[in-house]
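I have placed the structure first, in the form of structure tokens, so that the comments after it can refer back to it.
Derivation of every value follows stated rules applied to the coordinates shown; laboratory data play no part. Just so we're clear, the structure is a prediction, and the values are computed from it rather than from any experiment. Glycine gets a Cβ as well: all are built from the backbone with ideal geometry, and neighbour counts include every protein chain shown.
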Amino acid sequence: KQEVTQIPAALSVPEGENLVLNCSFTDSAIYNLQWFRQDPGKGLTSLLLIQSSQREQTSGRLNASLDKSSGRSTLYIAASQPGDSATYLCVLDTGRRALTFGSGTRLQVQP
Amino acid sequence: NAGVTQTPKFQVLKTGQSMTLQCAQDMNHNSMYWYRQDPGMGLRLIYYSASEGTTDKGEVPNGYNVSRLNKREFSLRLESAAPSQTSVYFCASSYMKQETQYFGPGTRLLVL
């Protein structure tokens, strides 16, 4: 069974810092991997989707990488801002019925 | 476009009561999903509908039923609510099953 682990569970950084969120998974047979953002009391917003054949995706200050052989993905946030404060979820699509969600990293960016 | 909308935003039920959670999307998506989110558990799929006219069980379907009313609407029904169903419920949709899912704002349900 696919398991997704996100480390750290919580992170607090000063504004302007570059940071890396980590995701590891146990089964490399995936269709794609997505990073979502969830704000308190809100739904999820997709940030980046990496197909199985890709190594990375970039959108603005965000860069996500995928290494299937080692079962790892990272989300890099450059020049963090207070508006980046949210919970970030790593989500895998293995082609089975359900996506597999990590428990998330709760990020707080201090002004 | 409103995206994915859910009603109600918040509901309190007594054990044994029934209710229906409503979800609608205006993005012409084929696939729709219902999830529940519990602390420390991540999101878990309750039911999904890959296309209009079809529904399938997800990881945790017990105690729930769904109806894909038309392409836009996908409802989740609790026939006899239990305290274990206290959770936040999210509806999502995607154009096809393995494409990006778009989530609604969620319904917070408390069962006493």
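Things to note:
- Total lysine pairs in the protein assembly as shown at Cα distances under 27 Å, for residues eight or more apart or on different chains: 16.
- Per-residue mean of foreign Cβ neighbours for A:35-41 is 2 (Cβ atoms of other chains, 10 Å radius).
- Rounded to the nearest 20 debye, the dipole size of the protein assembly as shown about its Cα centre is 440 debye, using +1 on the Cβ of Lys and Arg and -1 on the Cβ of Asp and Glu.
- Across the alpha-carbon set of the range B:30-112, the Rg to Rh ratio works out to 0.95, Rh being the Kirkwood radius.
- For chain B, a Gaussian network of Cα nodes joined below 10 Å ranks B:MET96, B:MET32, B:MET41 by mean-square fluctuation, and the top entry is B:MET41.
- Rounded if a/c under 1.5, otherwise prolate or oblate - the protein assembly as shown, Cα gyration tensor axes: prolate
- Total charge dipole magnitude, chain B, about the Cα centre, Cβ charges on Lys, Arg, Asp, Glu only, Debye to nearest 20: 200 debye
- Every Cα-Cα pair of chain A was included, and the share exceeding 20 Å stands at 35 percent.
- With both labels modelled 7 Å from their Cα along Cα-to-Cβ, the B:ASN70 to A:ASN18 distance reads 5.2 nm.
- Residue-averaged beta-carbon neighbours from other chains (10 angstrom radius) around B:51-64: 1
- Computed E for A:GLN110/B:PHE10 - FRET, C-beta separation, R0 30 angstrom, nearest 0.05: 0.45
- Per-residue HN-Hα couplings for the range B:98-112 [Karplus 6.51, -1.76, 1.60; θ = phi - 60°; Hz; x = Gly/Pro]: 9, 10, 3, 9, 10, 9, x, x, x, 10, 8, 10, 10, 10, 8
- In order along the range B:41-49, phi translates into HN-Hα couplings of 10, x, 8, 10, 7, 8, 8, 9, 10 Hz, rounded to whole numbers, per the Karplus curve 6.51 cos²θ - 1.76 cosθ + 1.60 with θ = phi - 60° and x for Gly and Pro.
- Rounded to the nearest 20 debye, the dipole magnitude of chain A is 300 debye, with +1 charges on Lys and Arg beta carbons, -1 on Asp and Glu beta carbons, and the Cα centre as origin.
- Difference of contour (0.36 nm per residue) and Cα-Cα distance, A:ALA79 to A:SER53: 6.5 nm
- Amide H contacts under 5 Å for B:GLY58, placed H, 5+ residues apart: B:TYR47, B:TYR48
- Label point distance in nm, B:MET19-B:ASP56, each placed 7 Å from Cα along Cα→Cβ: 3.0 nm
- What the phi angles of the range A:57-63 give under the Karplus curve with 6.51, -1.76 and 1.60, with θ = phi - 60°, is a coupling list of 9, 10, 8, x, 7, 9, 9 Hz, glycine and proline written as x.
- For B:THR86, residues with placed amide H under 5 Å, excluding near neighbours: B:VAL111
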